[in-house]
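What follows is one structure encoded as structure tokens, with my remarks underneath.
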Amino acid sequence: MRLSGRDSGKTSLSPIDPEELLMNLKLTTGKAAEFCDISRRQLCYWTDKGIVETVEGEDEEYGEEGTRRVYDFSALTRVLLIKQLLEQGRGLKRATREVESYLQQREDEELEADADRRTREDILQRLTARLEELAASRAHIIPGHDPLVLARYPALTAATSGQVHRVDLPRLR
């Protein structure tokens, strides 16, 4: 959290982005095990087996340079998902495969949603550019959601009534 002072001697708070906070979260083995409610030994075993990865990827609790294993939000998520499946009676191998599949599916869906969002933004930008090109000025571009426009001007067709109206034609009323 960042505090910034002002000339008046008061401090003001800046908003904290919870997503950014979580993405920057890093816990050592003991804290990560406690957070996930599993034993430290179990977490180390999963890490040694390559089921869970550490941020630094160290093989020892204390590596050659004295570093510790550190788990980020992604690793903690994986641990908690595996733990759920183990509690439902799945074996470790099966739980790991299911979590891998689940996380891959989520990643694919997020990529698809992001691509859809970029496509929509691209289409909107192209349509906006075309509208600006066709209009004499920006003042001639009227939001279609304006209820007065929908009430005062004729629809392009009966099917587009309430969506596309002709403002280049005389008013209805």
Response to the item:
Percent of all alpha-carbon pairs of region 17-118 at distances over 25 Å, whole number, is 26
Item to complete: Select from W46, A158, L86 the residue farthest towards the positive end of the dipole of the chain; place +1 on Cβ of Lys and Arg, -1 on Cβ of Asp and Glu, and compute about the Cα centre.
Response: A158
Worksheet item: How big is region 67-155 in terms of Cα radius of gyration and Dmax, in angstroms?
Response: 25.0, 72
Practice prompt. Determine by what factor the alpha-carbon radius of gyration of the chain differs from 2.2 N^0.38 Å, reporting the quotient.
Written response: 1.79
Worksheet item: Of the peptides 32-40, 114-122, 98-106, how do they stack up when ordered by the mean number of other Cβ atoms within 10 Å, highest first?
Response: 32-40, 98-106, 114-122
Worksheet item: Among all the lysines, which ones have a C-alpha under 20 Å from K83's C-alpha, if same-chain residues fewer than 8 places away are not counted?
Response: K26, K31, K49, K93
Worksheet item: Listed highest first by mean packing, meaning other Cβ atoms within 10 Å per residue, what order do 79-88, 129-138 come in?
Response: 79-88, 129-138
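Values in this text are rule-based calculations from the coordinates and carry no lab data. Since this is a predicted model, take the numbers as computed values, not measurements. Cβ atoms come from the backbone with ideal geometry, glycine included; neighbour counts cover every protein chain shown.
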